[in-house]
Amino acid sequence: MVSLTENLVAPAEQLTDASDLKQYVQLVVSTAPVIDVHTHLFPPEFDGLFLHGIDDLLNYHYLVAEFFRSTKLSHAAFWKLTKNQRADLVWQSMFVDNTPLSEAACGIVCILEAFGLDTRARNLTEARAFFSSQELHEHFDRVMELASVSDVVMTNDPLNEREINLWNRGKQLDPRFHASLRLDRLVNEWPESMFIPALRGFDLDSKLGHRAITGLRRFLDECIARLEPLYMGLSLPPEFMFPADDFRDRLLREVVMPTAREHSLPLAVMVGVRRGVNPALRTAGDGVGRADITSLERMCADNPEVRLLVTVLSRENQHELCVSARKFNNLMPFGCWWFVNNPSIVAEITRERLEMLGPSFIPQHSDACVLEHLISKWSQSRKVIAKALSERYEQLLQAGRSVTSAEIRRDVNRLFSENFREWVGLSATDGERN
Ligand code: FIX
Ligand code: ZN
């Protein structure tokens, strides 16, 4: 990873020229190590869950959703195909028969380009040969290097048998991988979720009696001891209300929040997803809805000692979230999630966050599902963030204050690493939680 100051400006030089400023911000933002606070990546040791290479990239649900806008093939016929056959179809339709204009398609081109592969290939022969010839751990290191990603936070479902079995194999994890405890099924699908095998033996009852609450607390305590997560997380639908007269409210109040307090663990809430709007598209079938941000404000107000990491899916909620963050300092806005992770909207969100919150937010996460997503998603986000940031510095300059190169490095380091490290207590030296 390139050290930030080399060869461009003196360590604490005052930058008074707008174009020098822009150039220096671009250098710092394009090379600064970043902690990717939310991904769906797994380490190479988690075979079967570790996705990488051209076939996994072309089966990405963002591309599948777009593929169906340019094909007459039925969903059923598509899902009957093998992963490679689906990848061939997606490539043919979106990269040969059509121009890869969309953000997701452009991302594939960016990845192929990063490895010097033909971005106008008629088929996947060359790409398949390249990716299958890579030694997994060397390839993983190279991708982390190319993307300047220092750490990735996984999304770990403690109710997923397959994943639990992999954890129970006790493999030593690469220290650049950190766990997070994802509680969607536990919190959003009660009481059906109480029958999931992983919850057997915790004295549960569908009405959430005292023993069930104690049992669920014990379950989470055991998961936290096993996975050492940096935070607990869950996604919520747009109609999420807090308070509410439902099991979700009780599970949040009587299980999740007390666990967060006891273990001093932040809670990440991702609000505004409507699951399964079109089930025929499988994971590509989710939608978005505008949420009531006042519920998040009440969660912050009712739980002042719990640090919330918050991202919202709807474009219409972004400004409200900025205002809520100005009211509650236990609310940390993070990332431009999923349907707002497009350059035009990332620029809008980042600008208003800088204008309203200064450097006190986490600008982006990748949501990478396939390893090489780190390359395309971060190269795109860094460009947009650098532009928004240098505009703010130029504003400062015009207002009458220059900035130093050291201040720029400090601000970028805070946005890309320190804000998250402090929020979750992740030490910069040993990668452990303080
Ligand atoms: O809830 C989530 O973590 C979402 O990010 C995923 O469910 C979604 O499928 C995704 O990959 C978005 O980028
Ligand atoms: Zn995600």
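The values are calculated or read from the model by the stated rules, or taken from the named source; none is laboratory data. Quantities reported herein were computed from a predicted structural model and do not represent experimental measurements. FYI the Cβ positions are ideal-geometry reconstructions off the backbone, even for glycines, and counts take in every protein chain you see. Note: areas computed on protein heavy atoms with side chains; ligands, DNA, RNA excluded. Shrake-Rupley method; radii C 1.70, N 1.55, O 1.52, S 1.80 Å.
When each of Leu396, Leu415, Leu374, Leu389 is tested for being closer than 28 Å to Thr283 by Cβ and either in contact (Cβ under 8 Å) with a residue 40 or more places away in the chain or not acidic (Asp, Glu) (or both), the lone residue that passes is Leu374. Once segment 155-199 is narrowed to residues that are of a type in the set (Phe, Trp, Tyr) and under 22 Å from the mean Cα position of the chain (by Cα), the residue that is nearest to His38 (Cα to Cα) is Phe177. The set of residues in segment 282-306 being away from ligand 1 (no atom under 11 Å from the Cβ) and assigned to a helix (DSSP H, G or I) consists of Ile293, Thr294, Ser295, Leu296, Glu297, Arg298, Met299, Cys300, Ala301, Asp302. Does segment 34-48 hold any residues that are open to solvent by 10 Å² or more (accessible area, probe 1.4 Å) and within 16 Å of ligand 2 (Cβ to nearest atom), and which are they? Answer for segment 34-48, where residues must be open to solvent by 10 Å² or more (accessible area, probe 1.4 Å) and within 16 Å of ligand 2 (Cβ to nearest atom): His40, Phe42.
Here Asn413 meets each of (1) open to solvent by 50 Å² or more (accessible area, probe 1.4 Å); (2) within 23 Å of Trp338 (Cβ to Cβ) with one exception, condition (2). When Asn59 is tested against the conditions (1) open to solvent by less than 20 Å² (accessible area, probe 1.4 Å); (2) modelled with pLDDT of 95 or more; (3) under 30 Å from Pro229 (Cβ atoms), the lone failure is (1). Looking across segment 142-159, the residues that are under 30 Å from Leu89 (Cα atoms), in a helix (DSSP H, G or I) and open to solvent by 10 Å² or more (accessible area, probe 1.4 Å) come down to Arg142, Leu146. Taken over segment 12-32, the residue count meeting the criterion of being under 19 Å from the mean Cα position of the chain (by Cα) and either open to solvent by 50 Å² or more (accessible area, probe 1.4 Å) or over 20 Å from Ala386 (Cβ atoms) (or both) is 1.
Report yes if Ala301 is buried (at least 20 other Cβ atoms within 10 Å of the Cβ) and small (Gly, Ala, Ser), otherwise no. No; evaluated as a whole, the condition is false for this residue. Considering segment 307-330, and only residues there that are open to solvent by 10 Å² or more (accessible area, probe 1.4 Å) and outside any loop (DSSP other than H, G, I, E, B), the residue that is nearest to ligand 1 (Cβ to nearest atom) turns out to be Arg315.
Out of everything in segment 78-101 that is among the β-branched types (Val, Ile, Thr) and touching a residue at least 24 places away in the same chain (Cβ under 8 Å), what residue ends up being surrounded by the fewest Cβ atoms within 10 Å (Cβ to Cβ)?
In the first step, residues of segment 78-101 are kept if they are among the β-branched types (Val, Ile, Thr); the result is 82, 90, 96, 99.
Applying the additional criterion that residues be touching a residue at least 24 places away in the same chain (Cβ under 8 Å) yields 90, 96.
Numbers: Val90: 25, Val96: 13.
Checking each candidate, the answer is Val96.
When each of Ser379, Ser390, Ser360 is tested for being under 19 Å from Val28 (Cα atoms), more than 16 Å from ligand 2 (Cβ to nearest atom) and not in a helix (DSSP H, G or I), the lone residue that passes is Ser360.
Within segment 332-346, the residues that satisfy the criterion of being open to solvent by 10 Å² or more (accessible area, probe 1.4 Å) and either part of a helix (DSSP H, G or I) or more than 16 Å from ligand 2 (Cβ to nearest atom) (or both) are Met332, Trp338, Phe339, Pro343, Ser344, Ile345.
Summed over segment 220-236, residues that are out of contact with any helix residue (DSSP H, G or I) (no Cβ under 8 Å at 6 or more places or on another chain) and aliphatic (A, V, I, L, M) total 1. Tell me yes or no: at least one residue of segment 234-242 is over 18 Å from Asn188 (Cβ atoms) and either within 16 Å of ligand 2 (Cβ to nearest atom) or surrounded by fewer than 19 Cβ atoms within 10 Å (Cβ to Cβ) (or both). Checked segment 234-242: no residue is over 18 Å from Asn188 (Cβ atoms) and either within 16 Å of ligand 2 (Cβ to nearest atom) or surrounded by fewer than 19 Cβ atoms within 10 Å (Cβ to Cβ) (or both). Out of all the residues in segment 348-373, which are more than 22 Å from Val269 (Cα to Cα) and under 17 Å from the mean Cα position of the chain (by Cα)? Within segment 348-373, Val370, Leu371, Glu372, His373 qualify. All of (1) within 16 Å of ligand 1 (Cβ to nearest atom); (2) part of a helix (DSSP H, G or I); (3) over 30 Å from Phe140 (Cβ atoms) hold for Phe240 with one exception: (2). Beta carbons closer than 8 Å, at least 6 apart along the sequence or on distinct chains, pair a first residue in segment 258-269 that is closer than 13 Å to Leu308 by Cβ with a second that is surrounded by fewer than 16 Cβ atoms within 10 Å (Cβ to Cβ) for Arg261/Glu305. Scanning segment 175-184 turns up one or more residues that are within 22 Å of Asp56 (Cβ to Cβ), open to solvent by less than 10 Å² (accessible area, probe 1.4 Å) and touching a residue at least 40 places away in the same chain (Cβ under 8 Å). Look at (1) farther than 18 Å from Ala179 by Cα; (2) in contact with an Asp or Glu (Cβ under 8 Å, 6 or more places away or on another chain); (3) away from ligand 2 (no atom under 16 Å from the Cβ) and you find that Asn278 fails only one, number (2).
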